[in-house]
Amino acid sequence: MSDNKTRCEWSTHHQIDQDYHDEEWGVPVYDDRKLFEMLCLEGQQAGMNWHMILLKRKNYQELFENFEAEAIVEFNDDYVEALMQEKGIIRNKLKIKAIISNAKAYLKVKEEFGTFKEYIWQFTDHKVIQNNWRTMEEVPTKTEISDRMSKDLKKRGFKFVGSITCYAYMQGVGMINDHTVDCFRHKEVQKFARPRA
């Protein structure tokens, strides 16, 4: 797994974590479906760890129609019960139902704003926040921005979107660059940021 590159410490223990760190974490996401998927997956992580979610991500994609919200809102109680028997996901009924609730709320947001991207990126003024942390210990778990995002998402009917979850979400979808300055990805992800279209 070693290639002599310096990485954020959290990504160095498992190959799946390293691949996610090297290819996705901190890269700005502007695709609505992907933004929705990541919000749901971050909610599934609540009380657990991201490594476990990465291991189960393909199962979530298969069982939740690749996070196409229009399909998810049609899930009925029988399907929820079937999902509760699936070993490949976290079998927590509240978390499973949260994805359905989030799909409904997501579609309402798209109706209001045109795209989910337009809505979610407003919290950082449609810009990437570039941080320059030396160690992961310096990185906050939540901020005033994640507090505002959490409050607004909850008001709109989203579930499992506490401030800590929202901050992790912003890190994951590249609204914030929280790679430490010694990490080889700190500068690399900056080239993916683009001005508001």
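The values are calculated or read from the model by the stated rules, or taken from the named source; none is laboratory data. As the structure is a prediction and not an experimental result, all values here were calculated from the model. Ideal geometry is used to build each Cβ from the backbone, glycine not excepted, and the neighbour counts take in all protein chains shown. Ligands, DNA and RNA are stripped out before the accessible areas are found, and what is left, the full protein with its side chains, is counted by its heavy atoms. Shrake-Rupley method; radii C 1.70, N 1.55, O 1.52, S 1.80 Å.
Points worth noting:
- Restricting attention to segment 109-125, the residues being out of contact with any Lys or Arg (no Cβ under 7 Å at 6 or more places or on another chain), in contact (Cβ under 8 Å) with a residue 12 or more places away in the chain and not hydroxyl-bearing (Ser, Thr, Tyr) number 4.
- Residue within segment 34-45 that is open to solvent by less than 20 Å² (accessible area, probe 1.4 Å), at positive phi and in contact with a helix residue (DSSP H, G or I) (Cβ under 7 Å, 6 or more places away or on another chain) present: no
- Being assigned to a helix (DSSP H, G or I), out of contact with any Ser or Thr (no Cβ under 7 Å at 6 or more places or on another chain), over 24 Å from His13 (Cβ atoms) and open to solvent by less than 30 Å² (accessible area, probe 1.4 Å) is a property that Ala98 has.
- Selection of segment 151-197 for residues being open to solvent by less than 60 Å² (accessible area, probe 1.4 Å), within 21 Å of Thr12 (Cα to Cα) and part of a loop (DSSP other than H, G, I, E, B) yields Val173, Gly174, Asp178, His179, Thr180, Cys183, Phe184.
- Qualifying residue in segment 16-33 (condition: within 14 Å of the chain's Cα centre (by Cα) and modelled with pLDDT under 95): no
- Within segment 104-150, the set of residues being in a loop (DSSP other than H, G, I, E, B) and either surrounded by 16 or more Cβ atoms within 10 Å (Cβ to Cβ) or not polar (S, T, N, Q) (or both) comprises Gly114, Asp125, His126, Lys127, Val128, Asn131, Trp133, Arg134, Val139, Pro140, Lys142.
- Residue identified as among the charged types (D, E, K, R) and within 25 Å of His21 (Cα to Cα) among Lys87, Lys58, Lys104, Lys97: Lys58
- Residue in segment 13-22 that is open to solvent by 70 Å² or more (accessible area, probe 1.4 Å), in a helix (DSSP H, G or I) and either among the β-branched types (Val, Ile, Thr) or within 30 Å of Asp125 (Cα to Cα) (or both) present: no
- Residue within segment 137-145 that is in contact (Cβ under 8 Å) with a residue 60 or more places away in the chain and in contact with a Phe, Trp or Tyr (Cβ under 8 Å, 6 or more places away or on another chain) present: no
- Residues of segment 65-82 that are open to solvent by 50 Å² or more (accessible area, probe 1.4 Å) and either of a type in the set (Lys, Arg) or in contact with a helix residue (DSSP H, G or I) (Cβ under 6 Å, 6 or more places away or on another chain) (or both): Glu65 alone.
- In segment 48-64 there is no residue that is assigned to a loop (DSSP other than H, G, I, E, B), aromatic (Phe, Trp, Tyr), within 22 Å of Cys166 (Cβ to Cβ) and open to solvent by 10 Å² or more (accessible area, probe 1.4 Å).
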